[in-house]
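Trainee: My structure is below; once you've seen it, I'll send some questions.
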Amino acid sequence: MRILLMGPPGAGKGTQAEALAEKLGVPHIATGDIFRSQIAAGTALGKKAKEYTESGRLVPDEVTIGMVSERLKESDCQRGFILDGFPRTVAQAEALDQILAQAGQKLDAAIDIRVPDQKIIERLTGRRVCRQCGVTYHLVFNPPQRPGICDACGGELYQRSDDNEATVKNRLEVYRRQTAPLIDYYRAKGLLRPVNGDAPIDAVLSAIEQILGRDAG
Ligand code: AP5
Ligand code: MG
Ligand code: ZN
């Protein structure tokens, strides 16, 4: 299956993508995660992305599209993928259509996870991420067993540099202006599948699985 997970910052794209990727046996491709690991490794791509991700602005389309286009050529993507946080502009969506058309492939669904704005700040300021394996926690909604330590690998949990209130507000504004238009883009293609993201993590996962089951059947 070839699936997009869309939605505002903190909607739960990463949380759901991680679970779905494991169940479906396809890779989870998150552009934000790739940028953060390139920044941590100090690569040329990381140097280009750093000022954008830290202020909550979008990395320029040509950088992001080139990166995703290379990633989708890898052999693990041939059976499908879950894209998380890409596309985020109409130009990125059009580029993805072209990449897939050239490979004779098509998207199965664009899942739009909906969460009201007032919930987002709480979700993002309470988020903690494992430095080692990337698993995501929440201090209240999904706490680790031992404070500050990853259940999965024992790694150290940290707070993302863009998860402070001021930067989250900026990310929401950028989402509204540049990414929300994709809702109409995928609705027009008959691929949009809205899901209520303001529910417990397991309930959101079941709702997505139901939709995918229907689409596959
Ligand atoms: P990115 O990393 O994609 O950030 P984002 O879109 O702002 O989304 P988040 O990762 O913050 O939220 P999420 O929806 O994954 O939520 P999560 O599951 O973690 O992008 C970062 C930056 O990279 C961008 O600002 C930009 O600069 C750059 N970038 C990335 N892609 C780009 C692109 N295509 N083009 C250009 N630039 C790009 O959940 C959040 C918290 O809530 C967690 O703590 C979680 O435990 C908790 N939670 C999750 N679900 C629930 C639930 N149902 N109930 C209660 N709590 C929940
Ligand atoms: Mg994420
Ligand atoms: Zn870990």
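The values are calculated or read from the model by the stated rules, or taken from the named source; none is laboratory data. What you see is a predicted model, and the numbers here were worked out from it, not measured in a lab. A quick note on method: Cβ atoms are made from the backbone with ideal geometry, for glycine too, and the neighbour counts reach across all protein chains shown. These area figures cover heavy atoms from the full protein model, side chains too; ligands, DNA and RNA do not enter into them. Shrake-Rupley method; radii C 1.70, N 1.55, O 1.52, S 1.80 Å.
Trainee: Which condition number in (1) part of a helix (DSSP H, G or I); (2) surrounded by 18 or more Cβ atoms within 10 Å (Cβ to Cβ); (3) away from ligand 3 (no atom under 16 Å from the Cβ) is the one that residue 48 fails?
Mentor: Of (1) part of a helix (DSSP H, G or I); (2) surrounded by 18 or more Cβ atoms within 10 Å (Cβ to Cβ); (3) away from ligand 3 (no atom under 16 Å from the Cβ), only one is false for residue 48: (2).
Trainee: I would also like to ask the following. Identify all residues within the range 1-23 that are away from ligand 2 (no atom under 11 Å from the Cβ) and either free of Cβ contacts under 8 Å to residues at least 60 places away in the same chain or assigned to a strand (DSSP E or B) (or both); write none if there are none.
Mentor: Scanning the range 1-23 gives 2, 3, 4, 6, 22.
Trainee: Among the numbered criteria (1) touching an Asp or Glu at 6+ places or on another chain (Cβ under 7 Å); (2) more than 19 Å from residue 90 (Cα to Cα); (3) within 16 Å of ligand 3 (Cβ to nearest atom); (4) not acidic (Asp, Glu), which single criterion is violated by residue 30?
Mentor: (2)
Trainee: Can you name every residue in the range 208-217 that is open to solvent by 40 Å² or more (accessible area, probe 1.4 Å) and either assigned to a helix (DSSP H, G or I) or in contact (Cβ under 8 Å) with a residue 24 or more places away in the chain (or both)?
Mentor: Our first condition is that a residue be open to solvent by 40 Å² or more (accessible area, probe 1.4 Å); within the range 208-217, this holds for 209-210, 213-217.
The answer is 209, 210, 213, 214, 215, 216.
Trainee: Mind listing just one residue for me: the one in the range 70-115 that is polar (S, T, N, Q) and open to solvent by 70 Å² or more (accessible area, probe 1.4 Å) and, of those, farthest from residue 185 (Cα to Cα)?
Mentor: Step one: of the range 70-115, the residues polar (S, T, N, Q) are 75, 78, 89, 92, 98, 102, 105.
Retained after the next criterion (residues that are open to solvent by 70 Å² or more (accessible area, probe 1.4 Å)): 75, 78, 98, 102.
Numbers: 75: 28, 78: 25, 98: 15, 102: 20 Å.
It comes out as 75.
Trainee: In the range 147-201, what residues are outside any loop (DSSP other than H, G, I, E, B), away from ligand 1 (no atom under 13 Å from the Cβ), in contact with a strand residue (DSSP E or B) (Cβ under 8 Å, 6 or more places away or on another chain) and open to solvent by 40 Å² or more (accessible area, probe 1.4 Å)?
Mentor: 149, 156, 193, 194
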